[in-house]
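Right, one structure below, let's go through it.
The values are calculated or read from the model by the stated rules, or taken from the named source; none is laboratory data. Since this is a predicted model, take the numbers as computed values, not measurements. No Cβ is skipped: glycine too gets one built from the backbone with ideal geometry, and neighbour counts run over all protein chains shown. Side chains included, ligands, DNA and RNA excluded: accessible areas come from the protein's heavy atoms. Shrake-Rupley method; radii C 1.70, N 1.55, O 1.52, S 1.80 Å.
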There are 2 protein chains.
Amino acid sequence: MEHWDEIRTAYYVVREGTVSGAADALGVHHATVIRHIDALEERLGVKLFQRHARGYTPTEAGADLARVAQTTDDQFSQLGGRLRGQGETVTGELVVTALPSFAERVAPVLVQFQRDHPEVQVRFLTDARVFRLEYGEAHVAIRAGSAPEEPDNVVQPFFTMEIGLYAAPCYVERFGRPTMDTLGDHRFVGFADLRSRAPFMRWQEKHVPLEAVHFRATDDRGLIAAVRSGAGLGFMATCDAHGLVDVMDRQPEWNAQTWLVTHVDLHRSAKVQAALSAFKAAARDWRRDEKGIQLS
Amino acid sequence: MEHWDEIRTAYYVVREGTVSGAADALGVHHATVIRHIDALEERLGVKLFQRHARGYTPTEAGADLARVAQTTDDQFSQLGGRLRGQGETVTGELVVTALPSFAERVAPVLVQFQRDHPEVQVRFLTDARVFRLEYGEAHVAIRAGSAPEEPDNVVQPFFTMEIGLYAAPCYVERFGRPTMDTLGDHRFVGFADLRSRAPFMRWQEKHVPLEAVHFRATDDRGLIAAVRSGAGLGFMATCDAHGLVDVMDRQPEWNAQTWLVTHVDLHRSAKVQAALSAFKAAARDWRRDEKGIQLS
DNA sequence: CATTAGATGTGCGTAGTCGCACAGTTGAGG
DNA sequence: CCTCAACTGTGCGACTACGCACATCTAATG
């Protein structure tokens, strides 16, 4: 029971009553219809039709086949409508992945997105490991660092996370503020992973002697907690720094660029497009807010 | 949503997870599978799979399609089993048509056939008009007269209905028995339709003057009733003649040959074959009984 | 790190399938 | 009774779609 096209042909012959009518309805030549029927009967070893010069009348076997094919045709029609519409409606699941560090910034955007599109179910995966878009693990990934260059991934700039060098008030009270020349005299907080590719860490590696880093944390949360406790100077996003002291003029090379990454196969779908535009709108808002803060 | 074969291909890709696996399972080259998927996605305008070097993972659209195609595959498999088995099982309806004259002889055979095959529903159509096998009006037709020669009909001899010339006892008492020379002096019962092609009627036309036919009936039942009432001499089947007087030596040329006719498209099916063998067995029994009667 | 097995993707030649034209047949209608 | 229209059926030519071979890539394994 392979060759579903032949079943479809037989179904149309039952529906139309004649080979010619079925051929017209199918948009093929009537010789093709005859050949399909013959092949199907040959393969099944059962006569599906009684042939006469005025048309084909189905046998019981043919009528049985037509009933099954009828439901199949209906189901496929519905499916076709669903699939075609799926490109234009925003429904189903939206899977977004990001580094845990971005959770606080990204989550509100997703919550708002879900409110705007009540029919989507948002799944937000935060994990240190890199989810693979080409395996369908997520629709949208938020990546940091240099622009990803994997093939089949469409990459768009998201936002630049502004980074500053901060210290707890009690630390400043005790050790003062650093200058470019006195960096080695301060205590720094860094990442445990020495090979971190964060730009501010590259800067730290270059300008701060290794022995000046007295505290190392596995992730940004630990780093922030350490800085807040007065462990030393540490780089972090400006938004995370409330209550801390901005101890040095910000340098653009510290900033971490983030990217919105989608798989090319999913990028065109309306759902992903809607999510991307929501993210980009949020990024615009953030930029405006920062400028507002700067201006004020 | 035409091209059902492509849907089937996509379904197999979802099932197997890889294009190559699907190609093996389908028995085609993997290039064909790729082309089918590409064509289907192109036509639908929706990505069904995310491609990567280790295989194809379905998108939501692909998974949706696979669910529908799964049920379709199941239904088609069942259908295939049903249809293939249909050639070998004896179920469904069996439609037999015959002249009303044959009803009494044929009906018992059909009753027995239904007892032997409890799953068939017998429909026995008796009508003067000729049912057309090529339109699917019946599976088996019982015809009388010269062998039918329509194309696409397979014809087998059924039984020869032995015909005798009979009269009611009261008629014989009054007029005696006819000889070949005194036929014109007797009263005959015939068919109203002068163009009857029954062989005994042809004989009667040839040897009995028209004016000797004093009674004409539309069918054999009327004829028999007339003879029984003493209207005159009449031809009828030996089996219908109980209580009547066999007034003349039977001549073979009176006998009516009957035929079992089936349409070639249905002839090979087990159901029709079973019905035919039941009829032929019955005919054998009848011949044996007649010979037994002759011998006794 | 090199190797290998297994996967996707593409150009090319061929084989299978389709469309066309014509023949043959049936049923309807004047 | 004759004509006409519609349908089935078949041989032939063209074209599509298939299989093959090769290139390329990835992940796993030693």
Against the longest alpha carbon principal axis of chain A, how many degrees, from 0 to 90 and to the nearest 10, is the axis of helix A:4-16 turned?
50 degrees
For the stretch B:163-254, the spread of Cα positions along each principal axis, largest first, Å:
32, 28, 25
Scaled to the compact-protein estimate 2.2 N^0.38 Å, what is the alpha-carbon radius of gyration of the stretch A:1-101, rounded to two decimal places?
1.54
Shortest first and in nm with one decimal, please list how far the B:P157 label point sits from its counterparts in the other copies (point 7 Å along Cα→Cβ).
10.0
Calculated [θ] (222 nm, deg cm²/dmol) that DSSP helices of n ≥ 4 give over the protein assembly as shown, each run adding -39,500 (n - 2.57)
-14000 deg cm²/dmol
Can you tell me the dipole magnitude for the protein assembly as shown around its Cα centre, using point charges on the Cβ only (Lys, Arg +1; Asp, Glu -1), in Debye to the nearest 20?
340 debye
Counting pairwise Cα distances across the stretch B:73-221, what percent come out greater than 26 angstrom?
48 percent
Note the buried accessible area between B and A here, summed over both chains, with a 1.4 Å probe, in Å² to the nearest 100.
4400 Å²
If each label sits 7 angstrom from Cα along the C-beta direction, how far apart, in nm, is B:L125 from its counterparts in the other copies?
6.5
Name the residue farthest towards the positive end of the dipole of the stretch B:140-296 from the options B:F158, B:H214, B:G230, assuming +1 on Cβ of Lys and Arg, -1 on Cβ of Asp and Glu, about the Cα centre.
B:F158
Could you work out the relative contact order of chain A? I mean the mean sequence separation of Cα pairs under 8 Å and 6+ apart, divided by the number of residues, in percent.
20 percent
Give the angle, between 0 and 90 degrees and rounded to the nearest 10, that separates the Cα long axis of helix A:270-295 from the longest principal axis of the Cα atoms of chain A.
20 degrees
Amide proton proximity set for A:L233, modelled H, under 5 Å, gap of 5+:
A:R187, A:F188, A:V189
Sorted shortest first, the nm distances from the A:D246 label point (7 Å along Cα→Cβ) to its counterparts in the other copies are 12.9
Considering only protein heavy atoms and a 1.4 Å probe, what is the carbon-and-sulfur percentage of the accessible area of chain B?
50 percent
Shielded residues, the stretch B:1-39 - accessible-area loss of 40 Å² or more between chain alone and all protein chains, probe 1.4 Å
B:M1, B:W4, B:D5, B:R8
Size of charge dipole - chain B - debye, nearest 20, with Cβ of Lys, Arg +1 and Asp, Glu -1, no other charges
420 debye
Put B:D246, B:D73 in order of accessible area, largest first, probe 1.4 Å, and you get B:D246, B:D73
Principal-axis tilt of helix A:103-116 within chain A, Cα atoms, nearest 10 degrees
40 degrees
How large is log10 I(q)/I(0) at q = 0.07, 0.09, 0.14 Å⁻¹ when the Debye formula is applied to the Cα atoms of chain A, each weighted equally and without solvent?
-0.49, -0.62, -1.02
Please find, among residues of chain A, the one with the beta carbon closest to the rotation axis relating it to chain B, distance in whole Å.
A:W4, 2
From the gyration tensor of the Cα coordinates in the stretch B:137-296, what semi-axes in whole Å does the equivalent ellipsoid have, largest first, with each one equal to sqrt(5λ)?
33, 18, 12
What is the magnitude of the charge dipole of the stretch B:163-254 about its Cα centre, with +1 placed on the Cβ of each Lys and Arg, -1 on the Cβ of each Asp and Glu, and no other charges, expressed in debye to the nearest 20?
160 debye
Heavy-atom accessible area per residue - the protein assembly as shown, 1.4 Å, Å²
50 Å²
Two-decimal Rg/Rh across the protein assembly as shown, once Rg and the Kirkwood Rh are taken from alpha-carbon atoms:
1.39
